[in-house]
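Q: Sharing a structure here in structure tokens format.
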Amino acid sequence: MKLGAIEAGGTKFITAVGDENGNILERASFPTTTPEETIANIFKFFDGKDIESLGLGCFGPIDPDIESPTYGFITTTPKPGWANCDIVGTLQKHYPNLPIGFDTDVNGAALGESYFGAAKGLNSVLYLTIGTGVGGGMISEGKLIHGLLHPEMGHILMRVRKDDSYQGNCPYHGTCFEGLAAGPAIEARWGVKGSELPQDHPAWDLEAWYIAQALSVYILTLSPKKIILGGGVMHQKQLFPMIHTYLQETLNRYVQKEEITTDKIKDYIVYPALGDNAGICGALALARNALDI
């Protein structure tokens, strides 16, 4: 079975052809420029490929409500030229008979990890990406969570640690999760990109404290069976044991589950099994869902 996948990012698009088992057969990437130029590159890649469905995991905000008149739109993004872009409608017009699965990039990644990766066989998983921004996707009882819009987990408000004087990087909320812990916040606070900081720099202890605080909120409200932490910041693998310790301290044994209270936490909060392929494999999972297989 040949499935098409698009990981639509604010900086670059990745297109791929794969199968229903998450195997990538062919891929390409190109910069995110104007909608017209970028979508023309999508057509150039997929034309003649004879794919059976197409999955699109997209930067947002988006409208994923199939009953909405703006379903398939990228809505209020600050990305120049992309606000109110009918990306699904444009793809559907070019490929009128092709089933198209559409969701946020992080919801797609959550789906990909549940089909092919670290949450395979589980009906509940939280996927967070912590990089240029913070985003979250959640599967509960086997279904991606939607509602009025889609989860915006990066914008929960946070307690600021007493030794942190940084005012936050989010133009909307200041010291929300994204404002305190995304890559630009690390760079603004310490004066260099996180990738340039040594592993034992105090930045990482503070980062782990904020991530653990956010995870405690998600555990208490969403109760995921697995938490997967991806994105550029999480390439700093030394964060994981610190997050585990701070989360145990924060929850203070209120949640009496050995996945949290014991050393099994290292298997509960993990790095994506799909690594940097989580996004494009997530788009394959959306394509698979579009065929209802």
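The values are calculated or read from the model by the stated rules, or taken from the named source; none is laboratory data. Worth saying up front: this structure is predicted, and the values here are computed from it rather than measured. Neighbour counts run over all protein chains shown; Cβ positions are idealised from the backbone, glycine included. What goes into the accessible areas is simple: the full protein's heavy atoms, side chains included, and nothing from ligands, DNA or RNA. Shrake-Rupley method; radii C 1.70, N 1.55, O 1.52, S 1.80 Å.
Q: Under DSSP H, which helices of the chain have Cα atoms covering 20 Å or more of the helix axis and a Kyte-Doolittle average no less than -1.0?
A: 202-222
Q: Separation of the stretch 235-293 and the stretch 1-64 by C-alpha centroid, Å?
A: Cα centres, the stretch 235-293 to the stretch 1-64: 26 Å.
Q: What are the extents of the Cα atoms of the stretch 27-97 along their three principal axes, in Å, largest first?
A: On the principal axes, the stretch 27-97 reaches 32, 28, 17 Å in Cα extent.
Q: Using the per-residue mean of other Cβ atoms lying within 10 Å as a proxy for protection, in what order, highest first, do the peptides 115-127, 191-203 fall?
A: Ranked from most to least packed, the peptides come out as 115-127, 191-203.
Q: With a probe of 1.4 Å, find how much accessible area the stretch 136-293 has per residue, and write the answer as a whole number in Å².
A: Heavy-atom accessible area per residue stands at 50 Å².
Q: Between ILE24 and LYS143, how many nm apart are label points set 7 Å from Cα along the C-beta direction?
A: For the pair ILE24/LYS143, the computed spacing is 3.1 nm.
Q: Once you treat every alpha carbon in the stretch 199-261 as an equal point and sum by Debye, what is log10 I(q)/I(0) at q = 0.15, 0.16, 0.20, 0.26 Å⁻¹?
A: -0.44, -0.50, -0.77, -1.20
Q: Here is a follow-up. So for the chain: antiparallel DSSP bridges make up what percent, rounded to the nearest 5?
A: Roughly 60 percent of the beta bridges in the chain run antiparallel, per DSSP.
Q: How many nm is it between the label spots at SER223 and GLU152, if each spot is 7 Å from the Cα in line with the beta carbon?
A: 2.7 nm
Q: Relative contact order for the stretch 63-136: what is it in percent, counting Cα pairs under 8 Å that are at least 6 residues apart?
A: 18 percent.
Q: Follow-up question, since we're still on this one. Per DSSP H run of n ≥ 4, the term is -39500 (n - 2.57); total these for the chain, divide by its residue number, and report the mean residue ellipticity at 222 nm rounded to 500 deg cm²/dmol.
A: -10000 deg cm²/dmol
Q: Would you work out the Kirkwood radius for the stretch 1-54? I mean one over the mean of 1/r across all pairs of different Cα atoms, in Å.
A: Roughly 11.3 Å, rounded to one decimal.
Q: So which GluC sites (Glu not before Pro) in the stretch 66-151 are both in a DSSP loop and have at most 12 other Cβ atoms within 10 Å of their Cβ?
A: Sites meeting the loop and neighbour criteria: GLU67, GLU141.
Q: Would you kindly state how much longer the chain becomes between THR250 and ASP65 on full extension, computed as 0.36 nm times their sequence separation minus their alpha carbon distance, in nm to one decimal?
A: Full extension from THR250 to ASP65 adds 63.0 nm.
Q: What is the Å³ per residue value for the convex hull set by the Cα atoms of the stretch 185-293?
A: Expressed per residue, the convex hull around the Cα atoms of the stretch 185-293 is 130 Å³.
Q: For the chain, build the convex hull from the C-alpha positions and give me its volume per residue in Å³.
A: Value for the chain: 131 Å³ per residue.
Q: So what's the projected area for the stretch 85-163, the Cα convex hull averaged over all directions, in nm²?
A: Averaged projected area of the stretch 85-163's Cα convex hull equals 8.1 nm².
Q: What's the extension gain from GLU196 to TYR271 if we count 0.36 nm per residue and subtract their Cα-Cα distance?
A: The GLU196-TYR271 span can extend by a further 24.9 nm.
Q: If packing is taken as the average number of other Cβ atoms within 10 Å across a peptide's residues, how do 160-166, 260-266, 7-13, 233-239 rank, most packed first?
A: Top to bottom by mean Cβ count within 10 Å: 7-13, 233-239, 260-266, 160-166.
Q: How much net charge surrounds ASN169 when only other residues with a Cβ under 13 Å from its Cβ are counted (Lys, Arg +1; Asp, Glu -1)?
A: -2
Q: Let me ask something else. Which distance in nm do the two modelled labels at LYS93 and ALA40 give, with both placed 7 Å along the Cα-to-Cβ direction?
A: So the two model labels end up 1.5 nm from each other.
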